[in-house]
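The values are calculated or read from the model by the stated rules, or taken from the named source; none is laboratory data. Nothing here was measured: the structure is a model prediction, and the numbers come from that model. Using ideal geometry, Cβ is built from the backbone for each residue, glycine included, and neighbour counts are taken over all protein chains shown.
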Amino acid sequence: MGYKAETVVPYEGDEAGKSGQVKRMFNEIAGQYDALNHTLALGIDRYWRKRAIRLLKKLRPGTLLDIATGTGDLALEAYRQLHPRSITGIDISEKMVEIARQKVLRTEVADKITFRLQDCTVLSFTDNTFDAATVAFGMRNFENLDKSLQEVHRVLRPGGKFVVLELSVPEHFPVRQAYLLYSRIVIPMIGKWKSGNREAYNYLPRSIRAFPQNAELADILRKNGFSDVTFRKLTLGVCTLYTGTKADS
């Protein structure tokens with residue numbers, strides 16, 4: 001494994017690989033996931049998603065791939081803003097995908113957004129399929145970051161854009177100290193109380209601290225084929241928004 005984040009797993013001592021453990025974790029917390037996420041992020045996650053999708057407006061993608069789609073919030077936001085011909089959301093958790101499907105069925109865009117169970121290290125799509133790809137708060141869960149990014153690059157069309165939202169650790173005092181206190185104490189406590197799964201909400205802050213961020217992650221995107229890579233810190237550095245483009249052939 002190439003990065004420290006790839007060795008951080010939800011269930012220490014479990015013999016399953018990271019993907020298997022992440023799948024199990026999300027299947028266990030799927031029912032409480034949306035409510036807990038919005039609570040722990042103080043609702044700011046909705047703003048982050050809007051900011052991320054706004055970056056695709058000039059591109060006007062007709063087809064969009066949402067990776068680690070979870071319960072489909074980013075896919076739904078993408079349709080609200082962009083109205084593409086189709087959005088495909090993929091995830092490894094059956095229960096998260098089922099919630100996403102039910103959520104979309106309650107809207108008028110069920111024929112525009114579809115969900116599939118897939119591991120992003122082995123995407124089933126042919127080369128040059130999508131105009132854009134997104135991932136929100138899921139990249140640190142990848143078992144093989146390089147291989148996953150290479151697969152995203154492969155299925156993007158030349159000129160296609162990749163937009164990433166990922167949680168990050170603020171760099172400056174006193175925000176950094178307040179964040180570390182919140183993530184190490186408050187998040188696991190509320191997570192266990194609301195979901196009954198302390199491991200999942202211990203894993204969350206550990207995976208954020210271990211994941212490459214800012215310039216380091218931008219370099220990893222470039223190494224895996226993306227050009228015009230940018231990153232912007234949001235909300236005092238609690239979240240970072242990255243973009244990259246698949247160069248025209």
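For the stretch 84-131, a tally of residues being under 26 Å from ARG157 (Cα atoms), part of a loop (DSSP other than H, G, I, E, B) and not aromatic (Phe, Trp, Tyr) returns 18.
Inside the stretch 176-225, residues that are of a type outside the set (S, T, N, Q), in contact with a Lys or Arg (Cβ under 7 Å, 6 or more places away or on another chain) and not in a loop (DSSP other than H, G, I, E, B) make up a count of 8. Name every residue in the stretch 71-95 that is surrounded by fewer than 24 Cβ atoms within 10 Å (Cβ to Cβ), in contact (Cβ under 8 Å) with a residue 60 or more places away in the chain and not basic (Lys, Arg), in order of residue number. Hits for the stretch 71-95 are ASP73, ILE92, GLU94. Taken together, the residues in the stretch 6-54 that are of a type in the set (A, V, I, L, M), part of a helix (DSSP H, G or I) and modelled with pLDDT under 90 amount to 3.
Among the criteria (1) in a helix (DSSP H, G or I); (2) farther than 22 Å from LEU59 by Cα, the one PRO170 does not fulfil is (1).
Name the single residue, out of those in the stretch 142-191 being under 18 Å from the mean Cα position of the chain (by Cα) and among the β-branched types (Val, Ile, Thr), that is surrounded by the most Cβ atoms within 10 Å (Cβ to Cβ). My answer is VAL152. None of ALA210, ALA218 is among the aliphatic types (A, V, I, L, M) and within 23 Å of ILE44 (Cα to Cα) except ALA210.
Which residues, taken from the stretch 194-235, are on the phi > 0 side of the Ramachandran plot, exposed (fewer than 15 other Cβ atoms within 10 Å of the Cβ) and modelled with pLDDT of 95 or more? Break it down into steps so the answer makes sense when it comes.
Residues of the stretch 194-235 on the phi > 0 side of the Ramachandran plot: 196, 214, 225, 228, 235.
Narrowing the set further to residues that are exposed (fewer than 15 other Cβ atoms within 10 Å of the Cβ) leaves 196, 228.
Hit for the stretch 194-235 is ASP228, nothing else.
Regarding LYS57, is this residue in a loop (DSSP other than H, G, I, E, B) and surrounded by fewer than 20 Cβ atoms within 10 Å (Cβ to Cβ)? Answer is yes for this residue.
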